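Here, each number is a calculation from the coordinates, and none is a lab measurement. Because the structure is predicted, anything quoted here is derived from the model rather than measured. We place every Cβ from the backbone using ideal geometry, glycine too, and count neighbours over all the protein chains shown.
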Amino acid sequence: MKYWKGIEELESAPEFMQSAFAEFMPVKESHASSDATSAPRRDFLKLMGFGVAAATLASCETPVRKAIPYLNKPEEIDPSISNFYASTYFTGADYNAVLVKTREGRPIKLEGNPESPINRGGLSARAQAAVLSLYDGGRLQHFAIKSGNEHQKAEVAAVDQAIRTKLAATTGRIAIVSPTIISPTTKKAIAEFATRYPNTTHVMYDAQSVTGLLQANNGIVPGYNFSRANIIVSLGADFLGTWISPVEYSRAYAMTRKINRDKRSMSRHYQFETAMTLSGSNADIRVAVKPSEMGAVALALYNAVTGAGGASSYKNDKLAQAAADLKANRGASLVVSGSNDPAVQSLVTAINQALGNLGTTVDLTAPSYVRQGDDARMAALVNDMNNGSVGAVIFYNANPVYNHPLAAKVKSGIAKVPLTISLNDRLDETGILCQYAAPDNHWLESWNDFEPKRGFLSLAQPTITPLFETRQAQESLLRWAGNNTTYYKYLRSNWRALTPTDAAWDKVVHDGVATGSALPPAPAMLHAALAPDAAAAQLQRPASSTGIELALYEKVGIGAAGCEANNPFLQELPDPVSKATWGNYVAVPRKMAVENKWKQNDVIKVSANGYSIELPVLIQPGQANGTVSIALGYGRTLAGKAGDKVGANAAPLAMINANGTMYNNVVTLTKTDATSPIAQTQTHHTIMDRKPVVQENTLAQYIKNPKEVTEYEKIATPDGLEKPNKVSLWQDYSYNNHHWGMAVDLNSCIGCGSCVIGCQTENNTAVVGKQEVINRREMHWMRIDRYYSSDHHKDEFETVGKVGTYAAMEDPSDNPQVIFQPMMCQQCNHAPCETVCPVLATTHSTEGLNQMTYNRCIGTRYCANNCPYKVRRFNWFSYYSNEKFETVNGHMFTDLGRMVLNPDVTVRARGVMEKCSFCIQRIQLGKLEAKKQKRRPVDGEIVSACAQSCPTEAIVFGDMRDPNSRLSQLLRREDGERAFHALDAINVQPNVTYLTKIRNAESEFFAKENA
Amino acid sequence: MQHVSAVREPLVTGGKTLHDVTQDICYQVEAKPNIRWMAALSVALFFLGVFFYSVYRTVWYGIGEWGLNKTVNWAWDITNFVWWVGIGHAGTLISAVLLLFRQKWRSSINRAAEAMTIFAVICAAMFPVLHMGRPWLAFYVFPLQNTLGSLWVNFNSPLLWDVFAISTYFTVSLVFWYIGLIPDFASIRDRAKGTIAKFSYSMLSFGWKGSAKAWSRYETVSLILAGVSTPLVLSVHTIVSMDFATSVVPGWHTTIFPPYFVAGAIFSGFAMVLTLMLITRVVFRLEDYITLEHIALMNKIMMVTGSIVGVAYITEFFIAWYSQVEFEQYAFINRATGPYWWAYASMMTCNVITPQLVWFRRVRYSIPLTFILSIIVNIGMWFERFVIIVTSLHRDYLPSSWAMFSPSIIDIGLYVGTLGLFFTLFLLFAKFFPVINMAEVKTILKYTVDNGPTYNPQKAAHAHAPQPAIGAPASAPITYNKHD
C-alpha cells in the first residue's frame, strides 16, 4: 500500500519531482528571479530575523520561577508534609516548650509541647508569635564593626581577632550583661569565658524584675502550685498574664476553675491590684489599691491571718473575707505578690508559712529559675561603667539603653567603656552604641538547653540553617575564650552525665524535655529573709498622699523588655483587658478623667525622675483611684520597621531605690492640646444585659442546682414553649460522616489571647496596622470579647425608663466584674451568611462547616452584615501588595517574610471575605492521615489551632458525630446545665457551644432575678 | 386659539396650537445650546470627573478607600443605591400606572420622568457593582452556563433577586421610553436641516412614517409596556426591601418593608421629578406645558406617600414594642436616641413633618416652596436609607462589635459623583431629545379645524378613508376662532 503526500506526488508532476528529494529548498541566486521553488535569500534573512525576534520576545515573557528541586533530597523532608521538632522558647521572660512545625525545611508555626510538664501543650501569645521574628528583616544580617557612626559589615574572623586582642589587653572589669539565662550550658560557656578572662562578671537583670521576691526567699523564686490552692490571693501579681511563668500558672489555675456536676467546687481568687490586669479581670473578688498601699495590704493580711496585732493602715471588708477564707484553707491556699519590695515579699512568705502552704502550694524543692535578675548588681554595674572601672562590656540579648530605668546612665556609661560588644540580634538602642556587633542566631536556628524549674530540662534544636551570617552567641563567647568547639558539641558533652548514650540523647532531642538537673539542689527549707516585724518596719511608705501614683506594668503581648517589639502580630494583639493595640497609653480611672476633664485619646504628659513622656488617656474601669498605669515595652526607636515609634518608653519612670527597681512612682500629669487616637478592637464595653449573648452565674447557685445556672430562651408556639431549633423554616442538614463542633468553657477561658495569635499564624491572617484598627478593620479571625459589668441593669426600666437605662448601661462600673468570650465563626447549621450570598461563595459542608470559597467570592459583604456574631472579615485592601501595609504586614511583601506563611492556607486577595474555617486544612490533614491508615480519625488527632494553643484547655474541638469524643461527652454532660449557644433564639444553630461562667462570688453582671 | 372648557382647567395653557407644540419643543433641540445649559453641563461634568476619580480609587485600591468597617459593611453605597432606585420609581409610575388610569395630565411630564427613571437606575446600578470587592467578577451574579458543572447562583439570595429586578426594570423602562420617543424623533428628523442631525434623528426614529398602522401599533405597545411596567413599580422596590427584610439584623428584619419601601420610592421619586421639572420648565420655558396644576397634583401624591411612610415609621416602633424582642427594641431606641439620633431626626422632619405643609393650598401651588420641599424630601429619603442601613448595623447583637461609621472622602465623592453622572445624562437628554412627548401632548390639546390634522373631504369617499391621525373624531367641536 502506498500513501501519497498529495495530488502532486500521485501525478508525479515535474515541478514536484524537481524538489521532491531535496532536503532544503534551493536558495535563490538572484533577486530578480521569479522562480517560486527557490526561497529568496532576503526572505531567508527576514525569516531568520523574525524567528530570532520572536524567540527573544517569547523568552522575555516567561516568568522566572525560583523553584529549585533538591539535588539530594533530605531524607526527612517531603514537599507538603509537615515535620515537627521539639524546641524551647525563652527570651528572658516567658518559658514555653514548643513543637516547631516546619514545611519544606522552614519553621511556620509553633505549638505547645504536650510532653512538657510545665506548659503541657499550652503556649503563650508571645511564643505563638515568635516564629515571625525568625524572618524579621530588621535583624542584623552579618557581623559588624563600628567606624565613625556607622556599623560596617565585617568578616567573622576579623571581628573575632579584634575582640580577642582587645579582651586580652583589657585591664578593667569585663561585664557580660544579659537578661535571665536559664541554660546550664550557656552558663557553663560564660563560666569558661570567665576562666579565660578572670575579671569577668556576669550581670543578669530583668526588664520586669522580681528582685524583691528573690531577696525575700534566700535567692530563689519558689515554685507555685496554683492547682492545689482553694483560695488564691494575689497582691498585684498578674500571674495569669505576665508574672514569672504565666502559661504554667494559667494551666494550674484553670484546673481549680473547671467544674461539672460531679465536682461542684472551685477556687476563690482575690486580687488586690492597681491596674486592671488579666488576673484581676479573672478574679472572683477584686480590690483596687494604690501601689503605695500594697505594703499595708500585705501587713493587714498578715495580721488578719496570724492574729498578730501589728498596726496596718489598711482596712477593707474584702481583705477580712480573704483572710477568713485563707484561714479556713490552711495548706490549700496561696498568697502571691507582684511587688518588688522585699519587705512585702517577706510578709507574703510569712503569710504562706503561717498558713502551712510551704510544701503544698509553695514548692521549695522545685524553684523557678526564669527570673534571676539582680537590680542592685545591674545598678552597680551602670555606676561602674560611668566611673571608668569597666574595661569591656558584652551585651548578650540585653538592651538596657532601652529597657533599663537608668537608660541615660547606661548610655553615658557605654561611651566610657573601652570595649563594647553587642551579641544582640539587631542594631538596637544598645547595639548601635557598641563597637562590635556579633549577632546571635535566632533560637530557631540554635542548639540550647533550659532549666526553667529545678529538675525540669528542655532543649532547643535548630530547625533551619541560619538565615543570615550570624553565629550563636555561646559559640562567640567560646571562640573568644579560645575554645573552638561548636556549641552543639559543647552542649552534647555537657549533657554526657544526663544522657550517656546517643539513644538517650536522641530521645531528649526528640521529646524536647527531660527531667533531671544540672544545678546544685535548692535549700530544702526556707523562711522569709526578713522577720515579719522587720518587714513591717521596712515597708515602703507612700511618698506623698496627694500625688498621683503611677504603676508600670507589662503587657501580655509585647512584654517589658521590648525584645518582641518588631513583631507585628504582638503589636496588633489586643490587650486582653483594654483591647488596645499598637502602643501604650495612660490608663486612668474614670473619676480622675472626669475631675480633670480628660477625654479618651487626649494626650497628657507624664513626668517623674526628670523624664517625661506624652501618651493618650484611656479610661480604664478598675484602675485604682488616684493612680494611673502605663505599659512597659513600647517606644522603641531601633526595633525595626513595625516596632519603631509605637507608644512611648515608660521604663525611665520607674523608681530606683536601694532594694532595686520599683515599678511605681509618683508622677505629675499635665494635659497637652494634642489628641492621639488609641486603636481599640472593642469600643463598647458592657454587655447591655444581653443574656442571650453570654451567661454567667454564681457558684452558690451551681451547687444548689446545676440545671438552673443557664437561662434558655424558648419560643412560643401553638403547642406551648419550644426550644428555638424546633421552629424552623429550613430543612436540617444531615451529617453522615463527621459533624465538627467546638465547646468553649467560659470558666476556664482567662482571655489571654494565645488562641488569637495561634489562629493568625496558622491562617496567614494579615496585620493591618494602627490606622486600620482605628478604622475597625482588624483581620483576626478569632477575637476575645471582653465585657465589663455595669452599675445599671434592666430592672431600672420601670423607674428610670428604657432610654435612660440603656444609656446608663453603656458605662462600666468603676471596679467591674469582667467576662471573656472567645468569638470565632460559629459554623451555624442554619447559617444566615449562606442564604444571602448571591454567588454561593459561602456554603455548607457535609460535615457541618460553613465554608468560604475565596475564588467565587465577589465581595458584596452581605454575609458579614447578616452575621449576628460579626466574625466575618473583609479584605479591604491588598494587604500583601499595597504599600500602605509594608511596614506592618511586611512579612507578606518579601521572599524572606513569606517563608512564614502556611502553604496550606491561601493568602486572600483583595475584595474577598474571609473567616474562621475551623482550621479546615488541619481537619483535612487528619482525615487523610486516617484514611491512609484505613481507620477513622481518632478523637484529639484533629485539633484547631486555637484549641491547640489554649493554655487552659478552655477550647475543646471535636467530632459531634463520634459519641465517644471528648466534645460529645462534654456536651451530653453539660446539656441543660451550662451548655448554651450564643443568640440561641435567632435559630442559626451554631456548632460552637459555650459553657456558662460560674463566679465564686456575688455576680454583678446581670440584673438580679425578681429584682 | 384653543378651545377652552368652561368647567375644566386646561392641561396645557397658553393657547397652544399643534404647531406651537412642535415648535416649542423642537426649538430646544434645534437651537444652539444656551448659556445656562452650558453652565449647568460644566458643573455636571465636573462632578462626573469626581465620580470617575472616586471610581478609580475604589477599583484600584479597594473598598478600604471607603469608611466601612467590620461591623458596618454597607453604608453610603447601598444607601445611594436604594435612594437612586427609589427615585426612578416616579417615572415608571407616571408613565405606566397613570397611563393605565388614563390620567391625561401625565403627558407633559412622562418623557422627562421616564428619562429620570433610566438615568436614576443607571446611577443606582453603579453601586451594586462598585460596592463589590471584586467588581471585575460581577458577571458571577448571572446564571451563566459554565464549565464547572453545578456552579450556579444562589436563588435564595435577595441580592440575586435584585439583579433580576433591576435589570428587568431597566430594560423595560428603556424600551418604554424609547418607543415613546420614536414619533418625536421623526418630527425632529423631518425638521432637521443639518446632515448630521438628519442622519442621527433618522437613525433614532427607526424610519417612523406616522402611518395609521404605525400609530395603532404604537398605542398597543404603549399599553402592553404600561401593563408590564405596572407590576415593576411594586416589585422592584419590594425586592430591594427584601435585601433587608430577609436578614436577621434587628431593624432590618421587618415584614412591613415591601409596602413601606414602595411608598418611600414613589415619595422620593415624585420629589425628584418635581425638582427636575421645576428647573426644566424654567430653563426651557415650558411653563405652559408643566403647569401649576401639575405641580399641585404631584405635591398631593408626595403628601400621600409621605404620610404612608410616616405611618410605617411609627408602625416599626409599635412592632418593636409589641414583639417584646429585646434586640429589636434596642435597635429602635438606639435609632431614635443613640449616636445617630440626628440622622433619625433629619429623616423624621424631612419625610413626615414637612410634606404635611402640602395641605395648605398656598404651599401646593407655590413654585419656590414646592422646590424647597422637593429638595427636603430628597434629603429626607436619603437619610431614611442611611438610618435603616447604618443605625441597624452599627449596633446589632454583640455589643463587642458595636462600631461607628463615618464616610471617607471617596464615599462622598461617589455620591456627588453619581449626581454629576445623573445631571450630565439629564442635561444631554434635555438638549438633544424632546423633553416633552409632543405626540401625546397634542392629543390633549383641544384643537380646531385650522390647526388640527385635517379631515380631507376630497378623500372622504375613498374606500380606506384614513381616520384622523390623532384620534379626534370628525365630529369634534368646531370653533371658528382663527389661528393667531
Each label sits 7 Å from Cα toward the beta-carbon; between residue A:658 and residue A:934 the label points are separated, in nm, by 7.9 nm
Translational D (Stokes-Einstein, µm²/s) of segment A:107-223 at 10 °C and 1.306 mPa s when Rh comes from the Kirkwood sum over C-alpha pairs? 86 µm²/s
What is the order of A:177, A:594, fewest Cβ neighbours within 10 Å to most? A:594, A:177
Just to confirm a number: summing +1 for Lys and Arg and -1 for Asp and Glu over residues other than residue B:57 whose beta-carbon lies under 12 angstrom from that of residue B:57, what do you get? -2
Among A:644, A:449, A:959, rank each residue by its count of other Cβ atoms within 10 Å, from fewest to most, as a rough exposure measure. A:644, A:449, A:959
Give the angle, between 0 and 90 degrees and rounded to the nearest 10, that separates the Cα long axis of helix A:502-511 from the longest principal axis of the Cα atoms of chain A. 80 degrees
Which distance in nm do the two modelled labels at residue A:161 and residue A:975 give, with both placed 7 Å along the Cα-to-Cβ direction? 7.8 nm
Linear extension gain, residue B:200 paired with residue B:412, 0.36 nm per residue minus alpha-carbon span: 72.6 nm
Output needed: percent of Cα pairs per 10 Å distance bin for segment A:246-402, bins running from 0 to the one holding the longest distance. 9, 31, 31, 17, 10, 2, 0
Mean ellipticity per residue at 222 nm, deg cm²/dmol - from DSSP H runs of n ≥ 4 across chain B, formula -39500 (n - 2.57): -20500 deg cm²/dmol
Scoring segment B:213-305 by relative contact order with C-alpha pairs under 8 Å, at least six apart, yields a percentage of 23 percent
Check residue A:839: other-chain or 5+ apart residues with amide H under 5 Å from its amide H, H built from backbone geometry? B:154
Where the centre of each part is set by its Cα atoms, how far does segment A:565-588 sit from segment B:78-132, in angstrom? 51 Å
Spelling it out for residue A:960: with amide H atoms placed in the peptide plane at 1.01 Å from N, the residues 5 or more places away or on another chain with amide H under 5 Å from its amide H are A:739, A:740, A:741
Eigenvalues of the alpha-carbon gyration tensor of segment B:315-415, times 5 and square-rooted, give semi-axes in Å, largest first, of 30, 20, 8
Show me, bin by bin at 10 Å from 0, the whole-percent P(r) of chain B based on Cα pairs. 4, 18, 28, 24, 15, 8, 3, 1, 0
Of all stretches in chain A that avoid GluC sites (Glu not before Pro) placed in a DSSP loop and having at most 10 other Cβ atoms within 10 Å, the longest is A:77-1008
Relative to the longest principal axis of the C-alpha atoms of chain B, give the angle of the C-alpha long axis of helix B:18-30, reported between 0 and 90° and rounded to the nearest 10°. 50 degrees
For the protein assembly as shown, Rg(Cα) over 2.2 N^0.38 Å is 1.14
Percent of Cα-Cα pairs per 5 Å bin, from 0 to the last occupied bin, for segment A:939-1011, please list those. 3, 13, 18, 22, 20, 12, 7, 4, 1, 0
Nearest 0.05, what FRET efficiency do residue B:404 and residue B:444 give at R0 = 60 Å with Cβ-Cβ as r? 0.65
Do any chymotrypsin sites (Phe, Trp or Tyr not before Pro) in segment A:65-144 lie in a DSSP loop with no more than 14 other beta carbon atoms within 10 Å, and if so, which? A:70
Chain A, relative contact order in percent, only Cα pairs under 8 angstrom and at least six apart counted: 14 percent
Calculate, for residue A:263 and residue B:300, the FRET efficiency according to 1/(1 + (r/R0)^6) with r their C-beta to C-beta distance and R0 56 Å; round to the nearest 0.05. 0.15
Output ³J(HN,Hα) for segment A:913-929: one whole-Hz value per residue in order, computed from phi by the Karplus curve 6.51 cos²θ - 1.76 cosθ + 1.60 with θ = phi - 60°, and x for Gly and Pro. 8, 9, 5, 3, 10, 6, 6, 4, 5, 6, 4, 4, 4, x, 5, 5, 4
Karplus 3J(HN,Hα) series, Hz, for segment B:320-328 with 6.51 cos²θ - 1.76 cosθ + 1.60 (x for Gly, Pro): 4, 5, 5, 5, 6, 7, 4, 5, 5
Would you mind pulling out the separation of the Cα centroids of segment B:197-221 and segment A:73-106, in Å? 79 Å
What nm distance separates the two modelled labels at residue A:408 and residue A:641, each placed 7 Å from Cα along Cα→Cβ? 3.4 nm
So, in Å, what gap is there between the alpha-carbon centers of segment B:314-337 and segment A:253-317? 43 Å
Pairing the Cα long axis of helix A:184-196 with the longest principal axis of chain A, what angle in degrees results, from 0 to 90 and rounded to the nearest 10? 90 degrees
For chain A, what does the helix formula give at 222 nm: sum of -39500 (n - 2.57) over DSSP H segments with n ≥ 4, over the residue count, nearest 500 deg cm²/dmol? -7500 deg cm²/dmol
Restricting to Cα pairs under 8 Å and 6 or more apart, the percent relative contact order of chain B works out to 31 percent
How large is ³J(HN,Hα) for each residue in segment B:195-206, as worked out from phi by the Karplus curve 6.51 cos²θ - 1.76 cosθ + 1.60 (θ = phi - 60°), to whole Hz, x for Gly and Pro? 5, 4, 4, 4, 5, 4, 6, 6, 5, 5, 8, 6
Most exposed first by the Cβ proxy, i.e. fewest other Cβ within 10 Å, how do A:171, A:843 rank? A:171, A:843
Which far-off residues, 5 or more places away or on another chain, put their amide H under 5 Å from the one on residue A:200, with H placed in the peptide plane? A:174
How much length is gained on full extension from residue A:814 to residue A:150, taking 0.36 nm per residue of separation minus their Cα-Cα distance? 233.9 nm
